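Before any comments, here is the structure.
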Amino acid sequence: MPISLALPPLSLYIHIPWCVQKCPYCDFNSHAQKGEIPETEYVAHLLDDLDQDLTYVQGRKLHSIFFGGGTPSLLSEQAVANILDGVKQRIEFEDDIEITLEANPGTLEYNKFSGFAEAGVNRISIGVQSFQLDKLKALGRIHNDDEAKTAASYAANSVNTFNIDLMHGLPDQSLEDAMSDLKQAIALNPTHLSWYQLTIEPNTLFYSQPPKLPQDETLWDIQQQGHELLKEAGFVQYEISAYSKAGYQCKHNLNYWRFGDYLGIGCGAHGKITQVAENNIIRTEKVKHPKGYMDLTKPYLNKVWDVEIDDRPFEYFMNKLRIKEPFYLDYFQQLTGLDARILEDKINRGIELTLLTKISDGKYQTTAKGIQFYNDLVDLFL
Amino acid sequence: MKNIRNFSIIAHIDHGKSTLSDRLIQFCEGLADREMKAQVLDSMDIERERGITIKAQSVTLNYKAKDGEIYQLNFIDTPGHVDFTYEVSRSLAACEGALLVVDAGQGVEAQTVANCYTAIEMNLEVRAILNKIDLPQADPDRVSEEIEDIIGIDAVGAVQCSAKTGIGIQDVLEDIVLHIPPPEGDLDKPLQALIIDSWFDPYQGVVSLVRVKHGSIRKGDKLKILSTGDSHQVDKVGIFTPKQTDTGILKAGEVGFIIAGIKEILGAPVGDTITLANNAAVEPLPGFQKIKPQVYAGLFPVSSDDYESFRDALGKLSLNDASLFYEPESSSALGLGFRCGFLGMLHMEIVQERLEREYDLDLITTAPTVNYEILTKDGTIHSIDSPSEMPAVNDIAEVREPICKADILVPQEYLGNVITLCMEKRGTQTAMSYHGKQVAVSYDLPMAEVVMDFFDRLKSTSRGFASLDYNFTRFQEADMVRVDILLNGERVDALAMICHRDFSQSRGRLLADKLKELIPRQMFDIAIQAVIGVHIIARTTVKQLRKNVIAKCYGGDISRKKKLLQKQKDGKKRMKQVGNVELPQDAFLAILKIGK
């Protein structure tokens with residue numbers, strides 16, 4: 001007998017596709033924009049796009065909103081206000097909704113932070129990546145360390161929670177370099193730190209012209225010592241690359257990792273929706289290129305597809321196993337509509353490999369080793 | 001019949017045999033210019049890619065000679081690599097003559113010499129042709145002298161040509177007509193036809209290349225395969241021009257194909273004799289000597305589901321390749337597969353490549369070995385062709401390894417290098433003589449050393465000038481031991497090797513080091529040990545991987561990251577699980593990669 005799907009929390013992702021220039025490591029859907037961005041036009045399109053997706057809401061309030069990019073901080077305060085007002089007219093917000101906006105730490109951007117806050121943004125995520133000039137240059141970043149520091153103080157003053165994005169394993173980075181970056185970030189007192197290792201992705205400049213990255217042993221030392229440093233500073237790791245002060249986890253990302261639902265609007269945005277009536281799970285993808293997206297003769301939707309029964313366990317665990325919290329077979333059943341008994345062998349294998357641990361009947365968790373060997377762990381469910 | 005000429009070309013690789021063949025075909029208008037693909041006779045993709053001939057093939061050409069008569073020239077192509085000597089002798093059995101094509105700049109090569117002797121023993125008329133005469137380094141006088149000196153045939157009036165430019169092509173054709181004798185045979189006698197080669201064609205069934213000795217065979221006849229006694233109706237007979245062309249009849253002296261709806265791949269064995277079903281007492285023609293493989297290796301399908309199709313593929317391939325030997329083998333590491341015997345390393349590579357390409361199989365090959373004779377203490381002799389068959393050390397009284405006689409021709413300046421190499425390979429010099437600029441040197445060498453990388457090493461140490469021919473002569477006592485590889489304490493049967501005790505220490509060390517390079521780091525340390533019996537001769541460790549984790553995965557990343565993980569999983573699938581350790585396919589051939 002099929003198990004009925006339950007409706008998880010609903011988030012909204014808004015993609016802003018423009019950047020001043022493309023970074024060599026970035027594989028996101030971003031386009032270098034010369035001159036003014038067509039924001040008035042784009043805002044109208046975003047809300048039109050959202051209108052088409054309203055059937056997916058199914059009576060839910062919005063749990064979180066995330067402006068990602070590209071560089072959302074290129075938008076004016078007014079544009080952000082218009083978007084958020086438009087969204088609120090269409091979908092009710094939960095009382096404690098989290099609204100994050102990704103920002104570059106440039107002068108032009110941080111001067112807008114208080115305006116963004118007035119528009120409703122209550123969390124700013126600053127893409128610092130490093131505080132060392134040579135590293136920033138290698139990463140193709142256009143800001144410097146002072147700007148990053150100022151941006152952090154502006155964020156602290158305008159919204160109560162902010163995140164710093166920091167990378168490690170950068171070209172020619174030593175253990176000391178990485179620790180210095182981390183200490184600097186901690187000193188700015190963010191509520192959240194996304195600290196992730198640089199990975200060379202296909203379709204990036206780094207992929208075709210690979211930089212010289214630190215040795216495995218150095219990377220390991222960076223990770224071990226960095227983790228300790230963060231712990232001492234009161235940051236708790238709750239996901240492979242995400243650390244936060246107690247109570248400041250990113251609700252939006254957590255919803256992804258808990259296999260929640262999300263609408264995606266804007267160029268190339270992805271959505272994932274549970275359809276209770278149809279007892280189905282779908283994924284959506286919007287038209288990627290701004291030109292095609294803003295073409296009035298074409299639909300926003302590029303494609304939509306079902307998450308097939310066979311793919312559901314993998315997609316569920318691919319997300320869920322990234323976070324350091326237990327998973328319950330009950331929730332698995334509700335969120336995938338599948339009988340959890342199909343997992344038995346795989347879970348046992350995971351336990352055998354000491355990547356998973358059983359807490360009690362129907363309750364399991366990724367081990368510390370499972371976090372390190374996440375790829376091998378999710379492999380079991382593929 | 002007096003206007004038929006059957007001939008082969010004996011030539012060393014790169015001495016221009018294929019180009020010359022193409023020229024002859026073109027001259028006799030066997031193919032329109034637009035049909036001339038590069039090297040028409042090498043029809044297998046592998047042959048064209050590697051620039052070598054593996055299988056015998058024939059082409060029938062009509063040539064109007066200067067005497068005004070039209071001659072039917074049947075040219076049977078032969079392979080040129082040392083591994084395929086056996087195929088050469090089959091081709092020669094269909095001919096009355098052979099062209100010895102020698103590069104006028106380079107001179108005679110060892111293997112050409114060996115093939116020439118085979119032709120002379122078979123009473124063929126051997127005609128020397130000096131090719132590449134257009135090149136500035138061509139030295140026809142010296143090369144003629146060398147041919148006379150080393151091979152002992154008359155080369156004074158040898159035809160000089162350049163297959164590349166077309167100079168002297170007609171002279172070659174005239175030489176064939178004038179000097180190669182016509183076939184002898186009796187059209188009125190009962191049919192006797194020799195199967196030179198058979199291959200399986202998915203649309204036509206078994207196609208056999210035959211040389212008719214006596215009588216004739218027509219479409220519609222009922223033929224009989226002498227060894228099996230099976231009868232079949234002839235569907236098609238004809239010649240290759242080089243396109244397959246039906247003629248309805250093949251007569252005494254001619255070379256062509258027969259298709260008789262034979263579905264069983266062993267229904268028309270190479271070397272067998274074909275006659276007509278109503279001919280009662282016909283003698284079989286002298287067939288071919290059954291050749292013994294020199295190198296053995298295990299071949300295993302990567303996926304055990306492919307075992308059945310692998311067996312079928314080997315069955316089909318062995319029809320075209322009588323020298324391929326196989327029998328089932330089971331390995332604890334690799335599952336079910338076949339132990340296969342090959343003529344040499346190139347043969348092995350080609351068989352694996354053909355199986356993978358033509359039959360769409362994904363195979364793992366284990367390290368090649370030769371066969372050994374083992375005398376156990378109870379007085380029995382065991383012939384083994386796999387390290388895993390080696391009896392326990394305590395039971396062995398004596399190990400005997402195969403020894404071959406290697407004939408090498410090398411320009412004087414590289415003689416020192418060649419001698420050094422032969423000594424390193426445990427060789428004993430048996431003869432040496434000087435022929436102009438070249439030196440003929442013979443060694444008794446352990447077959448195990450020759451079949452591995454000797455040929456490649458010989459080529460590189462002599463800048464490509466040394467050439468080699470070798471033949472098994474005898475088994476001889478040797479202090480051979482089996483070196484086992486343990487991964488985390490578990491013996492991996494497919495990684496074992498047999499080698500001389502003097503080399504066991506160093507090779508065990510090199511093998512362990514090579515494995516360390518080839519085995520990817522995993523979630524735990526992997527201890528690699530090389531042992532003889534219980535005695536550890538080398539050990540090393542593949543340090544554990546610290547982590548294997550996708551750093552970032554958000555809502556929009558699902559599809560991309562999923563692809564990445566899928567790719568990683570596919571990569572793992574191609575690995576073989578031995579205990580907890582995942583071994584890449586390369587690891588099983590690590591022994592061949594030592595020192596490279």
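For chain A, what is the mean residue ellipticity at 222 nm derived from helices alone (per DSSP H run of n ≥ 4: -39500 (n - 2.57); sum divided by total residues; nearest 500 deg cm²/dmol)?
Value at 222 nm, helices only, nearest 500: -10500 deg cm²/dmol.
State, as an integer percentage, the relative contact order of segment B:482-593 based on alpha-carbon contacts under 8 Å between residues 6 or more apart.
Relative contact order, segment B:482-593: 27 percent.
Using Cβ contacts closer than 10 Å as the measure, can you line up A:GLU109, B:GLU356, A:GLU77 from fewest to most?
Final ranking by Cβ density, sparse to dense: B:GLU356, A:GLU77, A:GLU109.
Among B:PRO387, B:THR369, B:PHE465, which residue has its Cα furthest toward the positive end of the charge dipole of segment B:327-483, with +1 on Lys/Arg Cβ and -1 on Asp/Glu Cβ?
B:PHE465
Can you give me the relative contact order of chain B as a percent, contacts being Cα pairs under 8 Å and 6 or more apart?
10
If packing is taken as the average number of other Cβ atoms within 10 Å across a peptide's residues, how do A:145-155, A:360-370 rank, most packed first?
Answer by packing, highest mean first, reads A:145-155, A:360-370.
Helix B:415-424 versus the longest principal axis of chain B: what is the Cα-based angle in degrees, 0 to 90, to the nearest 10?
50
Per-residue mean of other chain beta-carbon atoms within 10 angstrom of the beta-carbon, peptide A:253-263?
Mean partner-chain Cβ count within 10 Å for A:253-263: 2.
Taking every DSSP beta bridge with both residues inside the protein assembly as shown, roughly what % is antiparallel (nearest 5)?
Taking every DSSP beta bridge within the protein assembly as shown, about 70 percent pair in antiparallel fashion.
Here is the link list: A:LYS231/B:LYS552; A:LYS34/B:LYS563; B:LYS251/B:LYS316. Which ones come out longer than 24 Å on Cα distance?
Exceeds cut-off: A:LYS34/B:LYS563; B:LYS251/B:LYS316.
For peptide B:537-550, what's the mean number of Cβ atoms from other chains within 10 Å of each residue's Cβ?
Across B:537-550, the average partner-chain Cβ count within 10 Å equals 4.
Among DSSP bridges having both ends in chain A, what percentage is antiparallel? Round to the nearest 5.
Antiparallel bridges make up about 40 percent of those DSSP assigns within chain A.
List the pairs from A:LYS135/B:LYS593; A:LYS88/A:LYS298; A:LYS137/B:LYS572; A:LYS135/B:LYS573; A:LYS61/A:LYS320; B:LYS222/B:LYS292 whose alpha-carbon separation is above 32 Å, in the order I gave them.
Too far apart for the 32 Å limit: A:LYS135/B:LYS593; A:LYS137/B:LYS572; A:LYS135/B:LYS573; B:LYS222/B:LYS292.
When a footprinting reagent is the concern and you count Cβ atoms within 10 Å, what order do B:GLU125, B:GLU413 take, fewest first?
B:GLU413, B:GLU125
Let a ≥ b ≥ c be the square roots of the eigenvalues of the Cα gyration tensor of segment B:192-276; is it rounded (a/c under 1.5), or, if not, prolate (a/b larger than b/c) or oblate?
Note, shape of segment B:192-276 comes out rounded.
If the rule is a partner Cβ under 4.7 Å, which cysteines in chain A fail it?
A:CYS19, A:CYS250, A:CYS267
Please compute the average number of Cβ atoms from other chains found within 10 Å of each residue's Cβ in peptide B:558-569.
Across the residues of B:558-569, the mean count of other-chain Cβ atoms within 10 Å is 5.
Which lysines, if any, have their Cα less than 19 Å from the Cα of B:LYS66, not counting same-chain residues under 8 positions apart?
The qualifying lysines are B:LYS2.
Ranked by Cβ crowding within 10 angstrom, fewest neighbours first, how are A:TYR300, A:TYR328 ordered?
Least to most surrounded, the residues fall as A:TYR328, A:TYR300.
Based on DSSP, what percent of beta bridges with both residues in segment A:112-269 are antiparallel, to the nearest 5?
So the antiparallel bridges amount to about 35 percent of the total.
Counting each DSSP H run of 4 or more residues in chain B as -39500 (n - 2.57), what helix-only mean residue ellipticity at 222 nm follows after dividing by all residues, to the nearest 500 deg cm²/dmol?
Rounded to the nearest 500, it is -7000 deg cm²/dmol.
Starting from the Cα gyration tensor of chain A, take the square roots of the eigenvalues, sort them a ≥ b ≥ c, and report rounded, prolate or oblate (rounded when a/c is under 1.5, otherwise prolate if a/b is larger than b/c, else oblate).
Here chain A falls in the oblate category.
From the square roots a ≥ b ≥ c of the eigenvalues of the alpha-carbon gyration tensor of the protein assembly as shown, which class results: rounded (a/c under 1.5), prolate (a/b over b/c), or oblate?
Prolate, because a/c is 1.5 or more and a/b exceeds b/c.
Since every read-out is calculated from the coordinates, none of them should be taken as a lab result. The shown structure was predicted, so the numbers you read here are calculated from the model rather than taken from an experiment. All Cβ positions, even for glycine, are placed from backbone atoms using ideal geometry, and neighbour counts span all protein chains on display.
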